[in-house]
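S.K.: Take this structure first; my questions come after.
The values are calculated or read from the model by the stated rules, or taken from the named source; none is laboratory data. Quantities reported herein were computed from a predicted structural model and do not represent experimental measurements. With ideal geometry, Cβ positions are generated from the backbone for all residues, glycine too; neighbour counts draw on all protein chains shown.
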Amino acid sequence: MKIGFFTSIEGWGGSETYLLSLMIGIRDAGHVPVLFGVKGTRLWREAHDACIEGISWRNCSPLADLSTGEPPCFADSDNRKTDRLCKIIRRLVPDWAKLLAGNVGEVMYLRRLFRQFPVDVMHINLNGYEVAGLACRLNGIPSVGWHCIMPCRDPTPLRRWLNRWTCWSYTIMGGMSQACIDAWRGLSGLPSRRCRMVWNGIDLLKYQTDNRSVRCITEPFCVLAVGRLHPMKGFDVLIQAFGLLNDQRVRLIIAGDGSDEKMLKSLAFEQECSSSISFVGHREDMETLYKQAHCLVLPSVSHESFGFVLAEAMAFGLPLITSDFGPLPEINIDGETGLVVPSGDSRALALAIQHLVDHPEDCARFGINGIKRANECFSRERMIAAMVDIYQDLA
């Protein structure tokens, strides 16, 4: 099969890591993956390095030269005058009309692009709503709309309607957790027969090691939090919990970068716990951090559709503490692989951390159970096999 993978996201996060891993797995399974992506992104470069064909559908302009998949370069004076005129006209057009016109234009463009570069099935990596599914339907290409985030409340009625409406354009709508699927079904009204759920998968051999962290009674208890420094991750709640904890035996490492870094550092200073918290930025050597840690905390308050680091930490043998937002209790089983606390509740989070500090026997039990659960549910091989079954059913 020739399987297209469409994405409009320019950043790098869990959904892009997932997409790259999936494309490589599909290639290794004997199929042909093709990335319809944004040229210049990290995903584009890494897919190229993995010898995966790339079709650039967007760069700086939504209009592209269909012979190359590249956006055209407008540099002459006449076009600069046209651009200025277009900007003036756009100011006079209401936002809802611009949104609709932009979506119609994108559908027509993608329809031509998909016709020129045909595939058997299109996997559409969703971060909200995309119109690529409608372009596929117009071309008779079966599509899988794969949701990478939980539904969020859009600011305008038109965007909310587009979110619901585009769900019906995919042949199959899928997601990384049952909570994610249920939330999107509740929004769109899609029947269960048109929905699929496949948990994220990781390379278990990468994290299964005999050098897992074993806590010594004389060393500080190290709490690890990993993710983009964004309000969705709830790191402000975690820092407030550390302020309430006020235990010199406990240290916090926050790995990640993002727009909230300055605010979070200021909050740590206000909570008088900055000396116990280390901001280490974005890290690629996650195994090193897992070896330093005694537990992993993910206190997300929105968006989260799976929590990639949870599977990694479980495979490494770390106990978990998560909020009860969306899919997190589905991944981290309360009392079995870790502890689950109410979303946004800093006091409950502080008590959960304190419990693990005071009960190393629970840390060990949660870690052993986590390894077992990761092996049973979150292997990359299991994910690839399930996705191939979906693509074959459609093709």
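S.K.: Do we have Trp146 as assigned by TED's automatic domain parsing to the domain that holds Phe36 and assigned to a helix (DSSP H, G or I) here? Give the steps one after another, and end with the answer.
M.R.: Working: assigned by TED's automatic domain parsing to the domain that holds Phe36: yes; assigned to a helix (DSSP H, G or I): no.
For Trp146, the condition - assigned by TED's automatic domain parsing to the domain that holds Phe36 and assigned to a helix (DSSP H, G or I) - is not met.
S.K.: Here's something else I'd like to know. Which condition number in (1) over 13 Å from the mean Cα position of the chain (by Cα); (2) of a type outside the set (Gly, Ala, Ser); (3) modelled with pLDDT under 90 is the one that Ile9 fails?
M.R.: (1)
S.K.: Still on this structure, please answer the following. Of the conditions (1) among the polar types (S, T, N, Q); (2) modelled with pLDDT of 90 or more; (3) surrounded by 17 or more Cβ atoms within 10 Å (Cβ to Cβ), Gln178 satisfies every one except a single condition; which number is it?
M.R.: For Gln178, the failing item is (3).
S.K.: Further question: Within the set of pairs 6+ apart or on separate chains, which have a first residue in the range 357-379 that is under 26 Å from Val250 (Cβ atoms), a second that is crowded, with 20+ Cβ neighbours inside 10 Å and among the polar types (S, T, N, Q), and C-beta atoms under 6 Å apart?
M.R.: What qualifies is Phe366/Thr337; Asn369/Thr337; Gly370/Thr337; Arg373/Thr337.
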